[in-house]
Structure formats: structure tokens, C-alpha cells
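The values are calculated or read from the model by the stated rules, or taken from the named source; none is laboratory data. Quantities reported herein were computed from a predicted structural model and do not represent experimental measurements. Here the Cβ is made from the backbone with ideal geometry for all residues, glycine too, and neighbour counts use every protein chain on show.
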Amino acid sequence: MVEKESYSIQFEEVDWNDTSCLITYGPLPDKLILSIQTVGLIQKPLLQRKSDGLLRIICGSRRLAVCQQLGLEPLSCEVLSTAISPVASLRMAIYDNIAQRALNPVEKSLVLTKMAQHLDQAQLVQEFMPLLDLEPSDTLCGRYKKLPALEEPILDAIARGTLHERIGFALSPLEQGDRLAFFNFFQDLPFSVSVQEELVEAVVEIGRRDNLTPTQILDSEEVNDLRRAHKRPARQRAQQIRKQLQARRAPRLTARKERFAGEARDLGLPSGVRLIPPPYFEGPKWSLEFTFAGAEELAVRLRNVARLAEQARFQRIMERE
Amino acid sequence: MRYLPQRLVIEKEVADSPLVKRILATLPDTPVDWVDQLKEDEDGENGSFLEIVKFRGRFIKPCPGTRFYNCCGYQILNLGIQCSLGCTYCILQAYFTSRNVRLFANLDEAIQQLTEHLNNSRREIHRIGTGEFTDSLLLDPLIHLSENLVPFFAAQPNAILELKTKTAQVDLLEKMDHRGHTIVAWSLNPPQVIAAEESGAAPLEARLEAAQRCQEWGYRVAFHFDPLLAYPGWQQGYQEVVDRLFSAVEPGGIAWISLGTLRFMPSLKTVIQQRYPNTSILDEEFIPGLDGKLRYFRDLRVEMYAYLNELLLGIHKDLCVYLCMESDDVWREAFGFTPAERGGLSAMLDRRALS
Ligand code: SF4
């Protein structure tokens with residue numbers, strides 16, 4: 001049984017700056033305000049008296065904040081014995097939260113970061129990652145532990161679910177300005193999570209190669225022209241920007257694709273026939289795709305393609321410049 | 001660049017092995033930890049310890065080629081793992097967590113397995129190398145492994161040993177009766193690449209001088225332009241290497257020269273970025289190859305191979321130049337023929353091994 005007692009607190013006794021056991025992140029839920037306004041506080045917050053006489057919040061930080069907003073003072077709370085260690089208090093805060101709701105990724109990162117101060121890595125990974133519905137892996141744990149250092153707008157978006165935590169992981173090694181540049185860029189344009197990851201990688205690599213910062217690339221004229229072409233639908237703009245950045249990162253592959261597209265067009269393949277190069281033009285296997293309605297149409301298309309295949313320009317398509 | 005460990009970690013079971021005795025005699029002042037058994041990949045991020053263990057698996061294995069690309073049919077004699085030379089692109093960074101060099105002390109078992117292996121297929125020619133999971137000569141000044149291997153291979157009618165290195169540590173080879181069954185091979189790159197990406201290895205001049213000495217001692221030599229790296233001005237860089245190569249060594253005494261552009265498993269990319277944030281080897285564009293490894297785009301590979309091949313054959317038309325892990329279409333475009341048209345890559349190299 002946890003040693004605690006009921007105590008009516010004054011809000012000035014609360015050390016609002018002591019966040020050592022706080023793992024809640026995100027806006028106050030409207031319904032919580034409504035509930036406290038309507039029926040009062042159902043579940044008492046849990047605090048712990050510290051050596052300086054102030055109270056550290058263990059569980060119920062949002063309830064306390066709402067009660068303070070509503071001026072519900074003095075407030076009846078539970079206060080833990082000082083004998084309980086900091087790690088035990090933190091553990092209590094975590095278990096209390098996960099028993100009631102699913103934590104958002106920022107909260108998960110706070111759990112891992114705060115617990116890491118008390119536990120060794122193996123214990124942290126084995127006990128807390130499954131508890132947070134995460135695969136127990138050192139690498140993943142390391143990625144989560146870097147999230148709390150991100151800027152507030154990024155964390156807010158991750159907590160709200162409008163930015164995936166994977167993008168937070170990808171942004172974490174970058175400079176602050178570059179992170180925010182990416183963040184704004186992704187707010188503007190509808191990219192999927194995997195495309196966002198791809199773009200972070202491509203832009204960082206272009207920057208490394210060309211001695212530019214990611215911000216300089218994202219703010220370049222070429223990107224901005226497309227980004228601000230508001231007459232075009234956002235999805236189309238996103239696609240064009242992606243293509244442009246891919247071409248900048250992989251100019252050889254892009255040039256080869258363009259050459260192929262032009263030559264395939266000039267070849268004059270019959271309609272319903274598509275020539276498909278091997279992925280990345282790697283390996284010898286090219287494919288032809290036929291769409292046809294009936295054997296007769298197929299026979300005609302096959303004959304036409306056979307004639308084309310004997311021509312030198314068909315062979316040239318498959319060769320290097 | 002002599003390798004000197006700060007500490008020896010030795011499994012008690014191999015305490016009496018000749019290899020351990022030799023190391024302890026060579027490094028009398030190096031602290032030693034005697035342990036029962038080391039884990040397969042002990043944590044050892046800083047790489048300053050030399051681990052000496054009993055190896056419990058197969059010492060000899062075929063080179064892990066894939067069906068998508070032409071493999072040279074090489075076999076690996078695995079006598080140790082890891083390397084301290086710290087090349088930025090080194091594949092071993094993805095294979096092993098620990099950076100400590102590990103040596104297998106039960107050399108007698110290795111030699112026994114090797115003997116059985118060679119006896120089981122007497123009609124085959126075996127090209128065997130020790131430089132797959134470490135540098136073949138890195139530890140030679142310490143452990144004198146070549147004194148065991150070179151005479152052993154000299155007595156085998158059907159086997160050739162290839163010692164692949166980026167060091168110039170060949171002194172011990174001078175007095176050995178190798179009978180043409182040991183080939184000493186160097187991986188080559190332009191000096192600016194060596195300075196930036198192979199900074200722990202011997203400079204180009206030292207490698208070539210060592211090759212020259214080996215030729216004087218009657219060894220055949222080999223060279224591996226692997227990894228070939230694309231950087232602004234690579235053509236001139238490799239041209240200089242080729243020029244310097246042939247002013248140092250006699251082309252007639254070169255067993256083979258391989259070419260292979262940079263390629264690596266995707267997982268290595270993050271490791272390289274973390275360990276060597278300033279390297280430029282990842283700047284070029286990469287595509288996933290048929291074997292899942294990231295490689296340069298094929299047109300660039302063909303361009304590099306064709307360029308090097310022309311340079312090399314322009315100097316000596318009878319050189320045996322081959323591509324490491326490339327497909328028939330790349331061979332055809334770069335060299336004008338496929339290995340199959342010459343009896344297969346393995347047979348091409350076997351013929352050179354015995355010539
Ligand atoms: S010499 Fe070879 S084994 Fe050693 S670090 Fe360089 S690439 Fe790796």
C-alpha cells in the first residue's frame with residue numbers, strides 16, 4: 001500500500017516548476033474543464049512534499065491546473081510520504097497515466113527520458129517500452145529520448161498527431177533552424193510520412209554534397225516557386241517539389257529516366273503496350289506490358305512490337321549514353 | 001601505422017597456444033585480462049583491445065557472392081575479425097558491433113580443416129584469402145601468421161593464398177619459400193582518397209614500394225581497385241595511381257587486378273554518417289542493387305570500369321582485369337565480353353592462379 005494522506009492544499013504550495021514526475025504533454029482537454037465545473041473534482045491529484053516544503057506534482061497536473069484556473073482553493077489532494085524515492089514517485093506517475101489512457105508519442109518520450117535518469121538502458125527498454133506499446137529496442141529508445149529536445153511547435157504537432165514521431169526522429173539530429181524549416185514545409189504541403197522521411201534524407205544529403213543548409217535548399221527559388229504556386233492544388237505542388245528534389249539528389253537516375261521516357265515515346269509503341277525498364281535500370285530484365293481485348297488484338301500488337309524490337313533504336317533504349 | 005593494442009583479452013582455453021605465447025613475448029608490457037569465454041560480438045566500441053579466442057566454427061567458407069552478380073569463386077580462410085585501419089567505408093562496421101580486433105588462436109584446427117578441405121577436392125583449384133574480415137597483414141609483425149600460412153600453401157599443389165592488405169608490412173615475407181603459391185595483394189586508391197577515407201592505412205607510395213619488394217622476392221602481386229570512389233576529378237586521380245603503379249611494379253608479375261565500385265548494405269550508411277560525419281563518400285547517388293546493397297548508378301559504374309580497364313590494358317594488354325560482383329550486362333558494356341564467354345570468372349582466375 002502506498003503511504004499517502006489527504007490534505008487540503010493552497011496552490012502557492014505547489015512547485016509548478018518541478019516537472020520531474022510530469023509526463024503529460026498536450027493541451028488541456030475541454031471536457032476536463034467541463035467535468036470539474038459541473039461535478040467538481042472526482043479523483044484527487046497526488047503530490048509529494050519536498051524538503052523545501054513545496055509540493056511536487058506526481059499525478060493529476062491537468063486537474064490541478066484546471067482547479068487553479070477555476071479558483072477551487074483549498075483543494076483536497078493526496079500527499080505522498082517523503083520516504084518514497086524519486087524513482088518510485090515517477091513510476092507511480094507513469095503507471096497512473098497509462099492505466100487511464102494511451103500516451104501520445106511526446107509523452108512516451110518523456111517517460112523514457114525521465115526514467116533513463118534512474119534505470120539502466122536494458123531495464124528501461126525491457127520494462128518501459130512494452131508498457132508504452134513500443135517494440136523493445138535500444139535504437140528506438142534512443143530515438144524517443146531525443147524527441148523532448150525538439151522545438152515546441154514540432155512537439156505540439158507530434159502530440160496532436162499532425163506530425164508523425166518518425167519525422168521528429170529524422171529531424172532530431174539537425175540544427176534548430178533547419179528543423180523548423182522542415183516543419184513549416186511539411187505543414188504547407190500534403191506529403192505522406194514516408195515521403196517526408198525521404199525528403200529529409202534527400203535534402204540533408206543534397207546540402208552535405210553542395211555545402212548548403214537544409215533551410216537554404218527549402219527556401220531556394222526553385223522550391224519556393226512551386227511552393228507558392230497556389231493556383232495549383234496542394235497535392236500537385238507537393239508532387240512537383242518532390243520530383244524536383246529527387247532530381248537534384250539523383251541527377252544520373254533522373255536523366256536516364258527522362259532519356260528513357262523520350263526514347264520510348266519516339267519508338268512509337270502501339271497503344272496498349274508499355275515498355276518497363278528494370279528498377280533503377282539495374283540488371284538485364286526489361287518488361288513489356290500488353291493490354292488487349294481478345295486474341296486478335298494481342299496478335300497485332302505482338303507483331304508490331306516484334307518489328308520494332310528489330311530496330312536499332314529499340315536496342316539503344318537499353319544502352320548507356 | 002603498426003597495430004599496438006592497449007590491452008589483451010585472452011580466453012584461458014587458448015593460453016597455451018603458440019599464437020598467444022608469441023603475442024605475450026612480443027608485447028610483454030601490455031596488460032592482459034584472462035577470461036573464460038568472450039561473447040561472439042563483445043561490446044568494444046573504442047577498439048583498442050586485442051581479443052584472442054578459440055574459434056568454434058568453420059574456418060573456411062566460400063566468399064558470400066550472390067546469384068545476381070558474377071562471383072570470382074574465392075574462398076575465405078577466417079583467422080580473425082575486425083581491423084584497426086579505420087577506412088570510412090569499411091563493411092566490417094556493419095558486420096560487427098565491437099571495434100576490437102579478434103584473433104582465433106586455434107590455428108592448428110584451422111590448418112587441419114584447411115588440409116581436409118583441400119584434400120576433399122584435389123582436382124579443384126582453390127584461391128583462398130585471409131583478408132575478408134580483417135586485413136591479411138595487419139597483425140603480421142605481432143603474430144607472424146605468414147610464417148605458418150606461406151609455407152603451408154607452398155606445399156599445396158592445388159591452392160593459392162592471397163594476402164590482401166592496405167599495409168606495407170611485408171618484411172617477414174622476404175625469406176619465405178613460397179613457391180609461387182602466395183600472391184600478395186593491395187587495395188589501391190588515389191592519395192587524396194587514402195588521406196580522407198583510409199587514413200589509418202599505408203600511403204599509396206608505401207603500398208607500391210611493398211609490392212615492388214614482394215616482386216623482387218619472387219611473389220606475384222595483385223591489386224584491387226576496390227572500392228573505386230567517384231569524386232570530382234576521379235579520372236585524373238586513378239590515372240595517377242595507374243601511372244605510379246606501373247612505375248613501381250612489373251606488369252608481367254601481376255596475377256590479377258580487380259575493379260569494384262563502392263557498395264554497401266543500407267544499414268552501413270547510418271554507421272558511416274555517425275562515425276565519419278565529414279566523409280564525402282556518401283555524396284554520390286546510390287541505387288539499391290539486385291543483392292540489396294547500395295551501389296552507384298549503373299552508367300557511372302560502367303563508365304568507371306571502362307575507363308580503368310582502358311588505362312590498365314593500355315599499359316599491358318595481357319593483364320587479367322576483372323569486375324568484382326557485377327552482372328553480365330555491366331561486364332559486356334564495360335569490357336566488351338562476359339565472363340561466360342571466357343569460361344566463367346572463376347576459371348579465368350584459376351588459370352591466372354596457376355600460370
Ligand atoms: S583495411 Fe579493409 S578491413 Fe581494414 S578498415 Fe580498411 S576496409 Fe576495413
Scanning the stretch B:198-222 for residues that are within 14 Å of the ligand (Cβ to nearest atom) and either at positive phi or not aliphatic (A, V, I, L, M) (or both) gives B:E198, B:S199, B:G200, B:P203, B:R207
Within the stretch B:23-38, the count of residues that are surrounded by 16 or more Cβ atoms within 10 Å (Cβ to Cβ) and assigned to a helix (DSSP H, G or I) comes to 1
Condition set part of a loop (DSSP other than H, G, I, E, B) and within 16 Å of the ligand (Cβ to nearest atom), scope the stretch B:55-76, selection nearest to the other protein chains (Cβ to nearest Cβ): answer is B:P64
Within the stretch B:292-337, residues within 14 Å of another protein chain (Cβ to nearest Cβ) and in contact (Cβ under 8 Å) with a residue 40 or more places away in the chain come out as B:Y296, B:L300, B:R301, B:M304, B:Y305, B:Y307, B:M325, B:E326, B:S327, B:D328, B:W331
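Within the stretch B:99-138, take every residue that is basic (K, R) and away from the ligand (no atom under 16 Å from the Cβ) and give me the one that is nearest to B:K12 (Cα to Cα).
Of everything passing the filter in the stretch B:99-138, B:R127 is nearest to B:K12 (Cα to Cα).
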Subset of the stretch A:298-321, residues touching a residue at least 24 places away in the same chain (Cβ under 8 Å) and within 14 Å of chain B (Cβ to nearest Cβ), comes to A:R316, A:I317, A:M318, A:E321
Screening B:P266, B:P227, B:P191 for residues that are within 14 Å of chain A (Cβ to nearest Cβ) and under 29 Å from B:R298 (Cα atoms) leaves only B:P266
B:A340 passes all but one of the listed conditions (1) crowded, with 19+ Cβ neighbours inside 10 Å; (2) modelled with pLDDT under 95; (3) touching a helix residue (DSSP H, G or I) at 6+ places or on another chain (Cβ under 9 Å); the exception is number (1)
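A quick yes/no check of all residues on (1) farther than 19 Å from B:Q274 by Cα; (2) under 15 Å from the mean Cα position of the chain (by Cα); (3) of a type in the set (F, W, Y):
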| residue | (1), (2), (3) |
| --- | --- |
| A:P173 | no, yes, no |
| A:F182 | yes, yes, yes |
| A:P190 | yes, yes, no |
| A:Q196 | yes, yes, no |
| A:E221 | yes, no, no |
| A:P233 | yes, no, no |
Selection status of B:N148, more than 16 Å from the ligand (Cβ to nearest atom) and either closer than 30 Å to B:V330 by Cβ or more than 14 Å from chain A (Cβ to nearest Cβ) (or both)
yes
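One line per residue, one yes/no per condition, for (1) outside any helix (DSSP H, G or I); (2) surrounded by fewer than 18 Cβ atoms within 10 Å (Cβ to Cβ):
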{"site": "A:V87", "(1), (2)": "no, yes"}
{"site": "A:M92", "(1), (2)": "no, no"}
{"site": "A:Y95", "(1), (2)": "no, yes"}
{"site": "A:L103", "(1), (2)": "yes, no"}
{"site": "A:L110", "(1), (2)": "no, no"}
{"site": "A:K114", "(1), (2)": "no, no"}
{"site": "A:V125", "(1), (2)": "no, no"}
{"site": "A:F128", "(1), (2)": "no, no"}
{"site": "A:D133", "(1), (2)": "yes, yes"}
Restricted to the stretch A:277-292 and to residues being part of a strand (DSSP E or B) and in contact with a helix residue (DSSP H, G or I) (Cβ under 9 Å, 6 or more places away or on another chain), the residue farthest from the other protein chains (Cβ to nearest Cβ) is A:F290
Scanning the stretch A:68-85 for residues that are outside any helix (DSSP H, G or I) and aliphatic (A, V, I, L, M) gives A:L72, A:L75, A:V79, A:L80, A:A83, A:I84
Output for Cβ contacts, cut-off 8 Å, separation at least six or different chains, first residue more than 11 Å from B:R275 (Cα to Cα) and in contact (Cβ under 8 Å) with a residue 12 or more places away in the chain in the stretch B:82-95, second part of a helix (DSSP H, G or I) and more than 7 Å from the ligand (Cβ to nearest atom), reads B:I91/B:L268; B:A94/B:S267; B:A94/B:L268; B:A94/B:V271
- request: Examine the stretch A:195-202 for a residue that is more than 30 Å from B:V302 (Cβ to Cβ), of a type outside the set (S, T, N, Q) and within 14 Å of another protein chain (Cβ to nearest Cβ), and state whether such a residue exists.
  value: yes
From the option list A:A295, A:A234, A:A264, A:A238, single residue qualifying as exposed (fewer than 12 other Cβ atoms within 10 Å of the Cβ), more than 14 Å from chain B (Cβ to nearest Cβ) and not basic (K, R) is A:A295
Taking the stretch B:179-189 and keeping residues on the phi < 0 side of the Ramachandran plot and either buried (at least 23 other Cβ atoms within 10 Å of the Cβ) or more than 16 Å from the ligand (Cβ to nearest atom) (or both) leaves B:H181, B:T182, B:I183, B:V184, B:A185, B:W186, B:L188, B:N189
Verdict on B:A159 being surrounded by 20 or more Cβ atoms within 10 Å (Cβ to Cβ), aliphatic (A, V, I, L, M), within 14 Å of B:G80 (Cβ to Cβ) and more than 16 Å from the ligand (Cβ to nearest atom): no
Q: Could you check, for the stretch B:77-98, whether at least one of its residues is away from the ligand (no atom under 16 Å from the Cβ), modelled with pLDDT of 95 or more and among the β-branched types (V, I, T)?
A: no
